[in-house]
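The values are calculated or read from the model by the stated rules, or taken from the named source; none is laboratory data. This structure is a prediction, so every number in the text was calculated from the model and none was measured. All Cβ positions, even for glycine, are placed from backbone atoms using ideal geometry, and neighbour counts span all protein chains on display. Note: areas computed on protein heavy atoms with side chains; ligands, DNA, RNA excluded. Shrake-Rupley method; radii C 1.70, N 1.55, O 1.52, S 1.80 Å.
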Amino acid sequence: MVSIQNLYKKFGKNQVLGGVDLNIDKGGIIAVLGPNGSGKTTLIKSILGMVIPNKGDISVMGKNIKHSSDYRYQIDYLPQIANFPSNLKVRELIKMIKDLRGHTTEDLQLIEAFKLIPFLDKKLGNLSGGTKQKVNLVLTFMFDSPLIILDEPTTGLDPISLIQLKQLIQTEKNKGKTILITSHIMSFVEEVSDEIVFLLEGKIYFKGTIPELKTKTNQPDFEHAIASILTNNHA
């Protein structure tokens, strides 16, 4: 599904990715974790073609992304911060994105699930952060792409919307899709992920299941396992 080989990226003197090798198979939920500045967003944006690496290769669905942008139609992406045009109504934004991309699935179902019907005729600039995030989720999940990338999807969500998000992720996984997630909420990661990739200072420190990480760090729970990695590497 996604193959990354020897990926390097520098911003000025700052080496953000330092030789990342990663293979992500089709199907399942993979969480990309790491402290701030570990290279998570740079890695994701490299897969999306939004960041051009200094060195290395990325293939998505068997095709090198260097000379093609068509592969992006196979990816649904939820950015960490969605900058919507503030004078546009929610309904207008959804229609605009549908017109641009086509092939949508049942967006009305998603609008109802996230209780957005009362907000359809409100301007995006007047919405709360949590409501904007729900709009963001509808825009991401209303297409039927094999690869879904979610950058901090839980931001600003109330408990009911969080349950909807978890169910949605599970439904998409059951369709055989691959879902990449970044999140700082360890309980959410533990609940939804099949596998985690832990980045530290631009390199992959660990790739495997949460039980494997607990065994490796000799810790009883997931949060302590993550804390143990950070403590041992900054001691």
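Given the condition crowded, with 19+ Cβ neighbours inside 10 Å and charged (D, E, K, R), answer yes or no: does some residue in segment 173-195 qualify? Within segment 173-195, one or more residues are crowded, with 19+ Cβ neighbours inside 10 Å and charged (D, E, K, R). Selection of segment 211-221 for residues being within 25 Å of THR155 (Cβ to Cβ) and either open to solvent by 20 Å² or more (accessible area, probe 1.4 Å) or at pLDDT 95 or above (or both) yields only ASP221.
Which of the residues that make up segment 125-160 are among the acidic types (Asp, Glu) and more than 20 Å from LYS98 (Cβ to Cβ)?
Answer for segment 125-160, where residues must be among the acidic types (Asp, Glu) and more than 20 Å from LYS98 (Cβ to Cβ): ASP151, GLU152, ASP158.
Residue under question is GLY49, and the condition is that it be at pLDDT 90 or above, surrounded by fewer than 16 Cβ atoms within 10 Å (Cβ to Cβ) and on the phi > 0 side of the Ramachandran plot; does it hold? Give the derivation first.
Values: at pLDDT 90 or above: yes; surrounded by fewer than 16 Cβ atoms within 10 Å (Cβ to Cβ): no; on the phi > 0 side of the Ramachandran plot: yes.
Considered against the rule, which asks whether it is at pLDDT 90 or above, surrounded by fewer than 16 Cβ atoms within 10 Å (Cβ to Cβ) and on the phi > 0 side of the Ramachandran plot, GLY49 comes out as no.
Remark: pairs (first residue in segment 152-163, among the hydrophobic types (A, V, I, L, M, F, W, C); second residue open to solvent by less than 70 Å² (accessible area, probe 1.4 Å); Cβ separation under 8 Å; 6+ apart in sequence or on different chains) = LEU157/GLY130; LEU157/GLN133; LEU157/LYS134; LEU157/LEU165; LEU162/THR154; LEU162/PHE188. Say whether the condition of being open to solvent by 10 Å² or more (accessible area, probe 1.4 Å), touching a Pro at 6+ places or on another chain (Cβ under 6 Å), under 27 Å from LEU168 (Cα atoms) and touching a residue at least 24 places away in the same chain (Cβ under 8 Å) is met by at least one residue in segment 5-23. No - not one qualifying residue is present in segment 5-23.
Quick check, is ILE149 crowded, with 21+ Cβ neighbours inside 10 Å, part of a strand (DSSP E or B) and touching a Phe, Trp or Tyr at 6+ places or on another chain (Cβ under 8 Å)? Taking the combined requirement at face value, the residue satisfies it. Only a single item in (1) hydroxyl-bearing (Ser, Thr, Tyr); (2) touching a Lys or Arg at 6+ places or on another chain (Cβ under 8 Å); (3) at pLDDT below 90 is not met by THR42, and it is number (3). A Cβ distance below 8 Å, combined with a sequence gap of six or more or placement on separate chains, defines the contacts here; from segment 71-82, residues that are free of Cβ contacts under 8 Å to residues at least 24 places away in the same chain reach residues that are of a type in the set (A, V, I, L, M) in the pairs TYR71/VAL60; TYR71/MET61; TYR71/ILE65.
For TYR77, are the conditions met, namely being of a type in the set (Phe, Trp, Tyr) and over 15 Å from VAL138 (Cβ atoms)? So that I can check it myself, show each step before the final result.
Numbers: of a type in the set (Phe, Trp, Tyr): yes; over 15 Å from VAL138 (Cβ atoms): no.
The answer is no for TYR77.
Just so you know, in segment 27-46 the residues that are open to solvent by 30 Å² or more (accessible area, probe 1.4 Å) and within 13 Å of the chain's Cα centre (by Cα) include one that is farthest from SER193 (Cα to Cα), and it is LYS45.
The rows are residues; the columns are (1) of a type in the set (A, V, I, L, M, F, W, C); (2) modelled with pLDDT under 95; (3) closer than 27 Å to HIS224 by Cα; (4) open to solvent by 70 Å² or more (accessible area, probe 1.4 Å).
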| position | (1), (2), (3), (4) |
| --- | --- |
| ASN87 | no, yes, no, yes |
| GLU92 | no, yes, no, yes |
| THR104 | no, yes, no, no |
| ILE111 | yes, yes, no, no |
| GLY125 | no, yes, no, no |
| THR131 | no, yes, no, no |
